[in-house]
Amino acid sequence: MSDQTDAGTNPFFVSRVAHVVERTGLAMSGAMCGTFVAAYLTRAGIDSFDSIGFIASMILIGMIGFYLGIDIPGLRAFHTGPGTRSMPRWDTVELLSATGTFLAAMAALTSVYAIVFDEAPQGVWEFAIGCWWLIGIAMQISAGAIGRLRVANSALGETMTRDPTRRTFRRHPESLTQMQPTE
């Protein structure tokens, strides 16, 4: 018997391929939402919205936002430490991602409705849909970046502790203190 497994039977490989396919599907969903919002705003008759650059940027930020902002690393060990009680807490990054996804999806859904039912764009709705889209996508990208930075900091062995006197957080690189020689 061979100890080696081929790529087809390796569960880690299959899991990674499934993850890449999932993320690609999320990016395609973001591109479609960006296309619908761009199509709606293009119908408004504003010259800056009626360009290939605007449409391409809406599609691109939709892809980036949905790729980064929907599948965020969880908050498993970030609020717990040795000797502390684990209290369930809500995760700000998850809330940021969920709110951003909701706003972007509402902008896309409203745009699709207006396009399908041939509604004439009105000034207030143009502004609202554009704001929902941009704020939602910005929230998704921010949540994805923060979540990934949190995981990277955790992998490097850094922890964040709250400094109550300054209302800020301080970094404590645990990996450096563990590497110092003991006597």
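Read-outs: derived from the displayed coordinates by stated rules, not from any lab. These numbers come from a predicted model, not from an experiment. Glycine also receives a Cβ, built like all others from the backbone with ideal geometry; neighbour counts cover every protein chain displayed.
Taking 0.36 nm per residue of sequence separation and subtracting the Cα-Cα distance, how much length would be gained by fully extending the chain between Met28 and Asn10, in nm to one decimal?
Details: separation 18, 0.36 × 18 = 6.48 nm, distance 2.73 nm.
So the extension gain works out to 3.8 nm.
Between Asp50 and Cys131, what length in nm is gained on full extension when 0.36 nm per residue of separation is reduced by their alpha carbon distance?
Details: separation 81, 0.36 × 81 = 29.16 nm, distance 1.73 nm.
Gain in length upon complete extension: 27.4 nm.
Per-residue HN-Hα couplings for segment 103-109, Karplus 6.51 cos²θ - 1.76 cosθ + 1.60 at θ = phi - 60°, whole Hz, x for Gly and Pro?
Residue by residue, segment 103-109 yields 5, 5, 5, 5, 5, 5, 5 Hz.
Gain in length, Ala18 to Tyr113, computed as 0.36 nm per residue apart minus the alpha-carbon separation, to one decimal in nm?
On the way: separation 95, 0.36 × 95 = 34.20 nm, distance 3.23 nm.
Answer, rounded to one decimal: 31.0 nm.
Could you sort 42-54, 132-144 so that the peptide with the highest average Cβ count within 10 Å comes first and the rest follow in order? All intermediate terms of the calculation are to be shown ahead of the outcome.
On the way: 42-54: 12.8, 132-144: 22.3.
The densest-packed peptide leads the list: 132-144, 42-54.
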